[in-house]
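Take a look at the structure below.
The values are calculated or read from the model by the stated rules, or taken from the named source; none is laboratory data. Here the structure is a predicted model, which is why all the values come from computation and not from measurement. Glycine also receives a Cβ, built like all others from the backbone with ideal geometry; neighbour counts cover every protein chain displayed.
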Amino acid sequence: RNERQPTYRLLEEIGRGSFGSVRKVIREVDNKVMVRKEVRYGHMNSRERQQLISECAILSQLKHDNIVEFFHWDHDAKSNTLFLYMEYCSKGDLSQMIKHFKHQRKYVPEEHVWRIMVQILMALFKCHYGRDLPKLQTIYDEAEEPTKSKGYVVIHRDLKPGNVFLTSYDDEFNQNASDADYSKVVIKLGDFGLAKSLQASIEFATTYVGTPYYMSPEVLRDQPYSPLSDIWSLGCILYEICSLRVPFQAKTYTELQDKVKAGRFEPVPQFYSKSLQDIISKCIQVDFTKRPTSWTILDDIQCRISRKALD
Ligand code: ADP
Ligand code: MG
């Protein structure tokens, strides 16, 4: 083992990834708590290995406050295992938060939904435009959509509540999260296992095998992923946070596919404002060319805030 490689103390397993366990570890040099995602690649075909390498490359490029930080990777050739070391998110993920509120039989307060939405959008902006969000303009400036950078443009491709992690910079945060605690969470987009850098990919074939509750109709039709497919998934996530159930539910894969392609869903509860409902239904629309981009939504929100301030 390379002398300069950091050493880690292993703590408990906190999850199971599709290719191995996920454990909490402590980096010994500074006692920093991190997560180690283990990926056994022995049985992987060359495409899957390629995907793995691209996950590492993408993650090491993507630095953003709302994206799980990737610190380092190493690998053990003997056991054909890759270890990815990343930021530890101590407050679980959005699927756990949704379960919490479902169990409490309470709606997620609307301010939480907005806060979560804006943070996911900022992460998506970073991915989709390959650059940091410019300072949002006020309505006076007639802001124009920023151009995409020449750098990496990344489509997440597997956006779902289980891949949106939660953390908190507040040490007071309770062990057992209460409703109020969720108002302080910081969102971190993670699990870029299926993500692809557009630049790197010429091949668009879909490789997904999970239950595609959050997958867009165009992707189900084997059309290429675009950043707007992530926007569809975002819409489904927001829908689920508000309604505490997925927009398209089905017993079989075929039934689900039919429902998604038809794009019809029950409205979200009246408890939520018209503006929130509007954003959700704009994201979940079958014609992807009509979906808003991450920038458009953020810009609309910013305009609404400025207008409110003027009243
Ligand atoms: P997979 O590619 O198999 O979906 P994930 O990266 O989503 O793997 O991780 C699987 C599980 O491990 C998650 O549901 C979560 O419980 C845990 N986990 C993964 N990354 C982190 C992290 N950065 N912080 C805290 N828990 C994590
Ligand atoms: Mg996952």
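A few notes on this one:
- Within the set Val113, Val108, the sole residue that is within 29 Å of Ile237 (Cβ to Cβ), part of a loop (DSSP other than H, G, I, E, B) and away from ligand 1 (no atom under 11 Å from the Cβ) turns out to be Val108.
- Residue within the range 120-132 that is touching a Ser or Thr at 6+ places or on another chain (Cβ under 9 Å), assigned to a loop (DSSP other than H, G, I, E, B) and among the small types (Gly, Ala, Ser) present: yes
- Single condition Lys91 does not satisfy, out of (1) closer than 30 Å to Gln270 by Cα; (2) under 17 Å from the mean Cα position of the chain (by Cα); (3) assigned to a helix (DSSP H, G or I): (3)
- Residue list for the range 34-54, filter: among the hydroxyl-bearing types (Ser, Thr, Tyr) and more than 20 Å from the chain's Cα centre (by Cα): Tyr41, Ser46
- Selected residue (only one of Asp65, Asp76 is farther than 21 Å from Leu159 by Cα, out of contact with any Cys (no Cβ under 7 Å at 6 or more places or on another chain), among the acidic types (Asp, Glu) and more than 11 Å from ligand 1 (Cβ to nearest atom)): Asp76
- Of all the criteria given as (1) more than 19 Å from the chain's Cα centre (by Cα); (2) in a helix (DSSP H, G or I), the one not satisfied by Ala57 is (1).
- When the criteria are applied in full, Arg23 meets the requirement of being crowded, with 16+ Cβ neighbours inside 10 Å, at pLDDT 95 or above and part of a strand (DSSP E or B).
- Matching option when the condition is more than 30 Å from Phe101 (Cα to Cα) and either modelled with pLDDT of 65 or more or within 15 Å of ligand 2 (Cβ to nearest atom) (or both), among Lys148, Lys160, Lys184, Lys196: Lys148
Let's see how each residue does on (1) modelled with pLDDT under 95; (2) buried (at least 18 other Cβ atoms within 10 Å of the Cβ); (3) aromatic (Phe, Trp, Tyr):
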{"position": "Asn66", "(1), (2), (3)": "no, yes, no"}
{"position": "Asp74", "(1), (2), (3)": "yes, no, no"}
{"position": "Lys78", "(1), (2), (3)": "yes, no, no"}
{"position": "Thr81", "(1), (2), (3)": "yes, no, no"}
{"position": "Ser95", "(1), (2), (3)": "no, no, no"}
{"position": "Ile98", "(1), (2), (3)": "no, yes, no"}
{"position": "Lys102", "(1), (2), (3)": "no, no, no"}
{"position": "Leu124", "(1), (2), (3)": "no, yes, no"}
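- Scanning the range 280-308 for residues that are buried (at least 19 other Cβ atoms within 10 Å of the Cβ) and in a helix (DSSP H, G or I), we see that the one that is modelled with the lowest pLDDT is Asp299.
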